[in-house]
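Working notes, beginning with the structure itself.
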Amino acid sequence: MTGIVIVCHSEKLAEGVKDIIQMMASEVPVALAGGHVDGTYGVCVSKVRSAFKEMRIVDNALIFVDLGSALTVVEDVLGEFPAGKFEIMDCPLVEGAVGAAVVASGGAPLKDVIRIARETRNAFKF
């Protein structure tokens with residue numbers, strides 16, 4: 001199974017994305033690293049590390065970030081974990097994570113889950 005990791009500057013935003021995923025794909029594991037431990041905005045190394053550790057139960061995990069500095073923290077922490085287990089996704093946070101989770105919940109191969117997430121880069125709202 002493929003898991004989803006949400007890394008963003010707001011704990012509430014991370015929780016909101018997880019809520020949407022759980023409504024549509026409740027069986028997909030989702031780990032969160034939103035905000036700092038004290039509740040302020042930012043990206044916390046210890047929260048990112050904990051979220052990655054939660055993904056021990058899955059074969060692969062896709063990482064979705066909100067802003068560039070979140071990506072920097074993710075890249076720093078990734079070196080502590082097995083190569084090939086995680087993939088950072090370059091796509092919109094909400095659309096990409098939800099799309100990936102829905103496809104993963106149907107048992108799609110990892111390459112298809114990644115493709116769906118990446119395709120959200122070109123999605124039109126109207």
Worksheet item: Measuring from the lowest to the highest alpha carbon on each principal axis, how far does the range 25-126 reach, largest first, in angstroms?
Response: 35, 33, 24
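If contacts are Cα pairs under 8 angstrom and at least 6 residues apart, what is the relative contact order of the range 1-52 in percent?
Numbers: 90 pairs, mean separation 21.2, N = 52.
Over the range 1-52, the number comes to 41 percent.
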Worksheet entry | Amide H within-cut-off set for Ala31, under 5 Å, with H built and near neighbours excluded | Ile4, Val5, Ile6
Practice prompt. Return the carbon/sulfur percentage of the accessible area of the chain, one whole number, probe 1.4 Å, all protein chains in place.
Written response: 56 percent
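Taking the Cβ of Lys111 as the center, what net charge do the other residues with Cβ under 11 Å away carry, scoring Lys and Arg +1 and Asp and Glu -1?
Numbers: positive: Arg115, Arg118; negative: Glu87, Asp112.
Computed value for this residue: 0.
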Worksheet item: Once the Cα gyration tensor of the range 1-67 is found, what semi-axes does its equivalent ellipsoid get, as square roots of 5 times the eigenvalues, in whole Å, sorted largest first?
Response: 19, 14, 8
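With every protein chain present, what is the per residue accessible area of the range 54-126 (1.4 Å probe, Å²)?
Numbers: 4110 Å² over 73 residues.
Result: 56 Å² of accessible area for each residue.
Please state the shape class of the range 68-110: rounded when a/c is under 1.5, otherwise prolate if a/b exceeds b/c and oblate if not, all from the C-alpha gyration tensor.
Values: a/c = 3.74, a/b = 1.46, b/c = 2.57.
Oblate, because a/c is 1.5 or more while a/b does not exceed b/c.
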Discussion item. Quick check: Cα centre of the range 95-120 to Cα centre of the range 1-40, how many Å?
Written reply: 16 Å
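The values are calculated or read from the model by the stated rules, or taken from the named source; none is laboratory data. If you're wondering where the values come from, they're calculated on a predicted model, not measured in any experiment. No Cβ is skipped: glycine too gets one built from the backbone with ideal geometry, and neighbour counts run over all protein chains shown. These accessible areas exclude ligands, DNA and RNA; they are computed on the full protein's heavy atoms, side chains included. Shrake-Rupley method; radii C 1.70, N 1.55, O 1.52, S 1.80 Å.
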